[in-house]
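One structure is given here, and the rest of the page talks about it.
Please treat every number below as a calculation from the coordinates, not as lab data. As the structure is a computational prediction, the values presented were derived from the model and not from experiment. Cβ placement follows ideal geometry from the backbone for every residue including glycine, while neighbour counts extend to all protein chains displayed.
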Amino acid sequence: MTGKITVRTAARCQMIDITREVEAELKKMGADEGLCSVYVTHTTAGVTINENADPDVVRDLLMGLEKIAPDRGDYRHAEGNSPAHIKSSLVGASATVLVSGGRLVLGTWQSVFFCEFDGPRNRTALVKYIRG
Ligand code: ZN
């Protein structure tokens, strides 16, 4: 069984906390103990786990990625969104989290973030639970 989360992004680059949505999918699946993979089927978006408390952390993450892959550069990809592809590969297309008691095992300050790098768009994050 695979859960599906729809994410409507509102900016070109944005990180959206989807922890609650992932846990809602786990609940639908009757999850108890195991592993959860959150995976995106996009080449200009990603998934990561990071701090949810201070919004400046997200701001600084996006700023840091912008420094690595700035808007202007010696890019060849005709679609013109190479910075988004680079950021997607840096962040990665999936995150795996332990599941216990049907919930994600996350630290106090951790959340699962959907990362948009070429928005705004309608996006999808897939959720797979493996009991174990
Ligand atoms: Zn492209």
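Data for the structure
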{"quantity": "Cβ-placed point charges (K, R +1; D, E -1), dipole of the chain about Cα centre in debye, nearest 20", "calculated": "420 debye"}
{"quantity": "From phi via Karplus (6.51, -1.76, 1.60), per-residue ³J(HN,Hα) for segment 114-127 in Hz, x at Gly/Pro", "calculated": "7, 10, 9, 10, 8, x, x, 8, 8, 10, 9, 10, 9, 10"}
{"quantity": "Cα-only Debye scattering, the chain: base-10 log of I(q)/I(0) at q = 0.11, 0.14, 0.16, 0.20 Å⁻¹", "calculated": "-0.39, -0.61, -0.77, -1.11"}
{"quantity": "Spatially proximal lysines relative to LYS87 (Cα-Cα < 30 Å; intrachain offsets below 8 disregarded)", "calculated": "LYS4, LYS67, LYS128"}
{"quantity": "Radius ratio Rg over Rh of segment 36-98, counting only Cα atoms, Kirkwood formula for Rh", "calculated": "1.02"}
{"quantity": "Mean Cβ count within 10 Å, highest first, over the residues of peptides 113-122, 67-76, 96-105, 12-21", "calculated": "113-122, 12-21, 96-105, 67-76"}
